[in-house]
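Peer 1: Below is one structure. I have some questions about it.
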Amino acid sequence: MLQQLGQLPMGWLLTALLLFVMTAGFSIGRIRAERYSLSSSGKFHSRPNYHGYYVAMWGLAPALILALAYLLLAEPIARELLTRELPAAFHKLPKAELVSYLDAVSAVSAHRTYDGSDRVFTAVTHRYLELSGSLKITTLATILLSAVLGVMFARSHVSPDFRARQQVESGAELFLFLCAAIAIATTVGIVASLFYESIRFFSQVPVTDFLFGTRWNAQTNAEFGAVPLFFGTFMIALIAMFVAAPVGLFAAIYLSEYASRKTRSYVKPLLEVLAGIPTVVYGFFALLVVAPGVRSIALWINATLIDIGLANGPVLAAQPTSALAAGLVMGIMVIPFVSSLSDDVINAVPQTLRDAAFAMGATKSETIKQVILPAALPGIVASLLLAVSRAIGETMIVVMAAGQRARISLDPSTDLTTITVQIVALLTGETEFDSPKTLSAFALGLVLFLVTLCFNLIALRVVQRYREKYE
Amino acid sequence: MSKMPDSSLITPKALKHLKKRRAADARFRLYGIAAIVFALSALTLLVIAIGTRAYSATTQYVFQAEIMLDADLVAPEGETSEAEITRNIEGFYTLVRDKLFAEFPEASQSQAARQDLSELVNRLAVLSLARRVADNPSLIGKSLEVRVPLSDDLDLYLKGGSPKDVTVRVGSAGTIETDVEGKARISSTSGLSKVTSTRSLLEEGKAMGSVLLAGGKAVARIDSLSPDAAELTLLTGTFEQLANAPLVAHIIPLPEAERPISDQQIAWAIALKQAGNARQVLHTSLVTHTDSTYPELAGTLAAIVGSLLTMMVTACVAIPMGIFAAVYLEEFAPRNRLTNLIEVNINNLAAVPSIVFGLLGASLLLGTFALPRSAPIVGGLVLALLILPVVIIASRASLRSVPPSIRSGALAVGASRMQAVFHHVLPLAAPGMFTGAILGMARALGETAPLLLIGMVAFVAEVPNSATDEATALPVLIYSWASNAERAWEPMTAAAIVILLSLLVIMNVVVVFLRRRFERRW
Amino acid sequence: MDTVGPAKADLALTGEGADKTQALTYPRIDCRNVSVYYDDKQAVFDVSLAIHDRAVTALIGPSGCGKSTFLRCLNRMNDTIEGAKVTGDIFMEGENINSPDVDPVLLRSRVGMVFQKPNPFPKSIYDNIAYGPRIHGMVDSREDLDAVVEKSLRRAGLWEEVKDRLSQPGTSLSGGQQQRLCIARAIAVRPEVILMDEPCSALDPIATARIEELIDELRKRYCIVIVTHSMQQAARVSQRTAFFHLGNLVEMGDTDQIFTNPRERRTEDYITGRFG
């Protein structure tokens, strides 16, 4: 019996239940309010609908909270209960194996597909189904009970003097506030989970080894010196900015100062297309076109240097994937981030300053270089900072085109690895949440988060100051 | 230059200086144009590089033949239930292979040759034929025209991809002297000298690759070549066929050892094409098949459905949340430290690298809450958090563009603040909010990195049914295809990218349309 | 209203027999049939007038009458506005400055301009003044530059107030000082003509009075054209006045004559405050 209950489709049931509570609460409140208004001659403060909303709100709120709690917590609770009942032999398993065993159990019980001959597994699955069945039935009962209590409580309030509308509106405002607070919750979630996992990592690997070690070999040798990753990230971001900063800046200058309205209306959206292309597409482009191009140029340079007698062997590494290829493509991706924000700040420079310079007989380029750019400098710096932060955090291009080898090399045709590449490499495939290998990804993530946060905060602050100055 | 008397400025020195300034101005303008040309040509290069490769994936070479669906092979011992027929790939494959053997009797001589010939069609390629028969068992015992995709390497060769070949028209063979079995000698006209010169040009005199001579349904390899004579080894067909047809030489510069397909296989492919048995057809399996380890069988269907499920979850969470949050912040929030903190937070979250959201999902949703790995629900939630700031920022801008007079007007007739917002401001701000939401969804649709971390990179061969099934997403599929080594994945990846980009273009077109339609100036 | 056109304006130009300043000055700028279009909209209609040297010419008229637009023709500032087109001839020293051969950069070094709102560059006071001489390559040494800065600031009557803080940003000055700084900046390139576009509209009465004194002082060396909203100001500082209405030049003449005995009915209505 309980086993069958274990396969209840909770998603649909909960939705139906919540809808039922909502409509029932609304009708109860509304009908009661209407009955009052028919029998008593006094005027109602709020219209009957609001009494309906009020009752529905009281029915729905506790039910909704319970349903959310169920969705998030049911699985961990059922697993915990099951683990406690499992025979001792299971507890001797490594934790990762136990987790994947439980994964298999819950997958099978969700789909009812196991017809193999492992009797232990069958028994465990049945027990799991019983446990989650009782959990489900308890949840449904609790939700129904709380909804009924909520509705009854609210219904007792319905009276001509009751200010239902105010109550509903402050309830709605609370709900809106909670939605806005999700943003904070997300940040807290990010910071908490990164810190939590990082602390677990640093309890196994010293912080100094991580931050200052120069050998990274997390996959095989458990060496966690992240300096090569920091170097690779820095190097590729630098190459990207070498492309994006001049191109983005000059494009912004040309568009805001030289181009006619018509040119601007065509070119600006085209530049923004660059920002809309998914990064995985850039990664493919880098792999397909740019990396082979970089390689053949590097090979050509090698050959030429040897030919003219400046070198005895190859000077450049000329790898099939390279820092230069990843950096170039990343630079192209970042161009619109530089150009559109710079364009905004350049346009925000008051026209009177331009007029003043022109009236002095300055040429356009003199006006731009000596008057507009100095005035727009803070905003431009901010846009560059944001672009750097974007380049540091970019993942797919480097995953596909930068390489996996952690090393420190100034040769741009060699393959380097970055923080984001390693996070992906460490966390794809089977992951065990206890090994330092997996945890190191979170430590890297923490570094990435903190660095980009600094860049973003500074940039946003500068932009805000700048806006205030000219608005 | 104008002449301007009476001015202290107009000294020759000043005029020279002015010339310099003018030149500097022109240079500066040129830098700007160069920057824009650079950015736009990068964009063009990207579009062309991907477009041309994707174009070659729009068609596919299939082996097409009339095949008698022998009941003994297809449904042995009365196994006619749907599942059994579908599972009986071996039987269907035997049918197709036998057809190939009948076409090329020379392959039956050795085990190796039989193996080579069977490689023309992948074993799993008959799967869709098996499904078709299983759906309609009355076909058993009848003759049916079937199409099965050729192996990816042959497909690539026939489309002129790799190994590259150059064809030269040789004309008629002239005289063919057959001496040993399967060997022959031709002495021919001007045609052969053309082949010789082209070959030495292509191979830079090193003569490592092969030259195949095709005529009618027969193909022979040229063993030794001089401008006026050539010695041939027959690969398929007969010398009579060769003698009676105009000859075409296929020069393949890449040595046989360095390519995945042998001369013999190329010969068969050419013969099949000549006979009309290898046909270039529209590559529909690209959108009707799920992922496969063989490029000729792989399709994007599962990934597209996975992406749609993920997007549904994202939309259900991010759009209402984002809009409500924007309404609160713009219309109700008191100016205090808490709301200030929320504001700074939202702006910051918009610039947090997407991979960090993936870490959040991996640790919190998969670890703490034990939600299923690789499921669209987790992916959707992570992406929802990722685009929430985008939606909030766009919605706030849209709310801000509604003039305060609308609010005052509503309040003045006795509406509460909540009523003023929901009855008057929101409807006016709705188009702007909607465009913001679509732009956010477009960003989520192209996002890859966070999905990798929550396991959506798994190989998924079945179309997911619900948001809790194992699934992958289109950009992730692109990533995994791009990481495959075989050349044939390249056009497939490009084609998948084109599908993704067209979805994004559609979303953006909707945005542009909405903006045009509902743009309002106050 | 429709009877007024170029013919009348010409009349105003030639009918200057009783002009006592006429004997001392000669036309510096001679405008013939100047029209300005923004895209397809015409903003100035066929204006012809002469501007005299060593005198202040005031352009008056209600807002939107085209007086500022016309002023901006005199140093080709309209070139910097996209879609603006100027037709007609503007002769300065016998040369048509509206011809495409004329380099506007060179022209603007001869015709300085001061704007409605003080707009010092976000640089030091010194650099604000030195900017023009530097870009035009007018000075060779630091001493020369120092001298030019001091002379310009003295002429603008600002030297005593700022001589100890030349390295402070120009934006740190008060509004009136900023405007005098802008005048000094314009003088520094030794122009022949100075255009002023409502230079006092953003200033308080005391600062306005100082600028007006300064204008009167500058009149001895330069040809000045001032656009003003205030008729009192026109009466106080100018020797000659042109009245614009709806893009047309209605009347041009000696300031005394325009204010005491206008020939045109519309001029009289405007001056007596019936509209505007």
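Peer 1: Identify, by number, the condition in (1) at the interface with chain A (Cβ under 9 Å from one of its Cβ atoms); (2) surrounded by fewer than 20 Cβ atoms within 10 Å (Cβ to Cβ); (3) of a type in the set (A, V, I, L, M) that B:Leu500 doesn't meet.
Peer 2: (2)
Peer 1: Being in contact (Cβ under 8 Å) with a residue 40 or more places away in the chain and of a type in the set (A, V, I, L, M) is the filter here, so list the residues in the stretch C:240-276 that pass it.
Peer 2: Keep residues of the stretch C:240-276 that are in contact (Cβ under 8 Å) with a residue 40 or more places away in the chain, which gives C:240-255, C:257, C:263-264, C:266, C:270-271, C:275-276.
C:Ala242, C:Leu246, C:Leu249, C:Val250, C:Met252, C:Ile271 - these are the residues of the stretch C:240-276 that are in contact (Cβ under 8 Å) with a residue 40 or more places away in the chain and of a type in the set (A, V, I, L, M).
Peer 1: Out of A:Glu394, A:Glu366, which single residue is in contact with a Pro (Cβ under 8 Å, 6 or more places away or on another chain), under 27 Å from B:Val37 (Cα atoms) and within 10 Å of chain B (Cβ to nearest Cβ)?
Peer 2: Numbers: A:Glu366 fails: in contact with a Pro (Cβ under 8 Å, 6 or more places away or on another chain).
Answer to the check: A:Glu394.
Peer 1: Sort out which residues of the stretch A:181-236 are assigned to a helix (DSSP H, G or I), touching a residue at least 24 places away in the same chain (Cβ under 8 Å) and in contact with a strand residue (DSSP E or B) (Cβ under 9 Å, 6 or more places away or on another chain), and write them in order of number.
Peer 2: Passing the criteria: A:Phe201, A:Phe210, A:Val227, A:Pro228, A:Leu229.
Peer 1: May I ask you to verify whether A:Ala387 is outside any loop (DSSP other than H, G, I, E, B), touching a residue at least 24 places away in the same chain (Cβ under 8 Å) and either more than 10 Å from chain B (Cβ to nearest Cβ) or not acidic (Asp, Glu) (or both)?
Peer 2: Details: outside any loop (DSSP other than H, G, I, E, B): yes; touching a residue at least 24 places away in the same chain (Cβ under 8 Å): yes; either more than 10 Å from chain B (Cβ to nearest Cβ) or not acidic (Asp, Glu) (or both): yes.
Criteria met by A:Ala387.
Peer 1: So which of A:Glu197, A:Glu169, A:Glu173 ends up being facing chain B (nearest Cβ under 9 Å), surrounded by 14 or more Cβ atoms within 10 Å (Cβ to Cβ) and more than 32 Å from the chain's Cα centre (by Cα)? Spell out the reasoning first.
Peer 2: Details: A:Glu197 fails: more than 32 Å from the chain's Cα centre (by Cα); A:Glu173 fails: more than 32 Å from the chain's Cα centre (by Cα).
The match here is A:Glu169.
Peer 1: If only one of C:Glu82, C:Glu95 is surrounded by fewer than 24 Cβ atoms within 10 Å (Cβ to Cβ), more than 14 Å from chain A (Cβ to nearest Cβ) and not hydroxyl-bearing (Ser, Thr, Tyr), which one is it? I'd like the intermediate steps shown before the answer.
Peer 2: Working: C:Glu82 fails: more than 14 Å from chain A (Cβ to nearest Cβ).
None of the other options fit; the residue is C:Glu95.
Peer 1: Determine whether the stretch C:167-175 contains at least one residue that is under 24 Å from C:Arg134 (Cβ atoms), touching a residue at least 12 places away in the same chain (Cβ under 8 Å) and among the β-branched types (Val, Ile, Thr).
Peer 2: Looking only at the stretch C:167-175, we keep the residues that are under 24 Å from C:Arg134 (Cβ atoms), and these are C:167-173.
Remaining after also requiring touching a residue at least 12 places away in the same chain (Cβ under 8 Å): C:167-171, C:173.
Narrowing the set further to residues that are among the β-branched types (Val, Ile, Thr) leaves C:171.
Yes, the stretch C:167-175 contains at least one residue that is under 24 Å from C:Arg134 (Cβ atoms), touching a residue at least 12 places away in the same chain (Cβ under 8 Å) and among the β-branched types (Val, Ile, Thr).
Peer 1: Right, another one. Does B:Leu399 qualify as being more than 7 Å from chain A (Cβ to nearest Cβ), more than 17 Å from A:Leu427 (Cβ to Cβ) and out of contact with any strand residue (DSSP E or B) (no Cβ under 7 Å at 6 or more places or on another chain)? Show your work before the answer.
Peer 2: Working: more than 7 Å from chain A (Cβ to nearest Cβ): yes; more than 17 Å from A:Leu427 (Cβ to Cβ): yes; out of contact with any strand residue (DSSP E or B) (no Cβ under 7 Å at 6 or more places or on another chain): yes.
Yes: the conditions hold for B:Leu399.
Peer 1: Let me ask another. All but one of (1) within 12 Å of chain B (Cβ to nearest Cβ); (2) under 30 Å from B:Asn484 (Cβ atoms); (3) part of a helix (DSSP H, G or I); (4) of a type outside the set (Phe, Trp, Tyr) hold for A:Leu450; which doesn't?
Peer 2: (2)
Peer 1: Now, a different point. Limited to the stretch A:72-92, what total is found for residues that are in contact with a helix residue (DSSP H, G or I) (Cβ under 9 Å, 6 or more places away or on another chain), within 12 Å of chain B (Cβ to nearest Cβ) and either of a type in the set (D, E, K, R) or free of Cβ contacts under 8 Å to residues at least 60 places away in the same chain (or both)?
Peer 2: Qualifying residue count for the region: 8.
Peer 1: Can you tell me which residue among A:Ala185, A:Ala237 is within 14 Å of chain B (Cβ to nearest Cβ), under 22 Å from B:Ala351 (Cα atoms) and exposed (fewer than 15 other Cβ atoms within 10 Å of the Cβ)?
Peer 2: Numbers: A:Ala237 fails: exposed (fewer than 15 other Cβ atoms within 10 Å of the Cβ).
Just a single option satisfies the conditions, and that option is A:Ala185.
Peer 1: Residues in the stretch C:120-129: is at least one touching a residue at least 60 places away in the same chain (Cβ under 8 Å) and within 14 Å of another protein chain (Cβ to nearest Cβ)? Before you say what the answer is, go through the steps one by one.
Peer 2: Within the stretch C:120-129, the first condition is being touching a residue at least 60 places away in the same chain (Cβ under 8 Å), and the residues that meet it are C:120.
Next, from what is left, pick out any that are within 14 Å of another protein chain (Cβ to nearest Cβ): C:120.
Looking through the stretch C:120-129, at least one residue is touching a residue at least 60 places away in the same chain (Cβ under 8 Å) and within 14 Å of another protein chain (Cβ to nearest Cβ).
Peer 1: If B:Thr493 satisfies every condition in (1) more than 25 Å from B:Gly358 (Cβ to Cβ); (2) surrounded by 23 or more Cβ atoms within 10 Å (Cβ to Cβ) but one, which is the exception?
Peer 2: (1)
Peer 1: Next question, about the same structure. Can you name every one of the helices (runs of 4 or more DSSP H) wholly within the stretch A:245-348 that holds 1 or more residues which are buried (at least 21 other Cβ atoms within 10 Å of the Cβ) and facing chain B (nearest Cβ under 7 Å)? Write out each step before concluding.
Peer 2: On the way: elements: A:261-276, A:279-285, A:291-307, A:323-348.
Of the helices (runs of 4 or more DSSP H) lying wholly inside the stretch A:245-348, those with at least 1 residues that are buried (at least 21 other Cβ atoms within 10 Å of the Cβ) and facing chain B (nearest Cβ under 7 Å) span A:261-276, A:279-285, A:323-348.
Peer 1: From B:Ile342, B:Ile387, B:Ile377, which residue is touching a Lys or Arg at 6+ places or on another chain (Cβ under 8 Å) and of a type in the set (A, V, I, L, M)?
Peer 2: Working: B:Ile342 fails: touching a Lys or Arg at 6+ places or on another chain (Cβ under 8 Å); B:Ile377 fails: touching a Lys or Arg at 6+ places or on another chain (Cβ under 8 Å).
Among B:Ile342, B:Ile387, B:Ile377, only B:Ile387 is touching a Lys or Arg at 6+ places or on another chain (Cβ under 8 Å) and of a type in the set (A, V, I, L, M).
Peer 1: Quick one: count up the residues across the stretch B:43-80 that are in contact with a Phe, Trp or Tyr (Cβ under 9 Å, 6 or more places away or on another chain) and under 21 Å from A:Gly276 (Cα atoms).
Peer 2: 4
So that you can scan it fast, the table gives a plain yes or no per residue for (1) under 15 Å from B:Pro149 (Cα atoms); (2) modelled with pLDDT of 85 or more:
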site: B:Glu79; (1), (2): no, no
site: B:Glu82; (1), (2): no, no
site: B:Asn88; (1), (2): no, no
site: B:Tyr93; (1), (2): yes, yes
site: B:Asp98; (1), (2): no, yes
site: B:Ala102; (1), (2): no, yes
site: B:Leu117; (1), (2): yes, yes
site: B:Leu120; (1), (2): yes, yes
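For every residue, the table says whether it meets (1) part of a loop (DSSP other than H, G, I, E, B); (2) under 18 Å from the mean Cα position of the chain (by Cα).
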residue	(1), (2)
B:Met433	no, no
B:Arg443	no, no
B:Phe459	yes, yes
B:Trp481	no, yes
B:Pro491	no, yes
B:Val510	no, no
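Peer 1: Quick one: A:Ala376 ticks every box in (1) within 11 Å of chain B (Cβ to nearest Cβ); (2) crowded, with 24+ Cβ neighbours inside 10 Å bar one, so which box is it?
Peer 2: That leaves (1) as the condition not met.
Peer 1: Restricting the search to the stretch B:307-362, which residues are facing another protein chain (nearest Cβ under 7 Å), more than 23 Å from B:Asp469 (Cα to Cα) and β-branched (Val, Ile, Thr)?
Peer 2: Once the filter is applied, which keeps residues that are facing another protein chain (nearest Cβ under 7 Å), more than 23 Å from B:Asp469 (Cα to Cα) and β-branched (Val, Ile, Thr), the stretch B:307-362 yields B:Val327, B:Ile342, B:Ile346, B:Val352, B:Val356.
The values are calculated or read from the model by the stated rules, or taken from the named source; none is laboratory data. Everything numeric here is computed off the predicted structure, so don't read it as measured data. All Cβ positions, glycine included, derive from the backbone under ideal geometry; neighbour counts span all protein chains shown.
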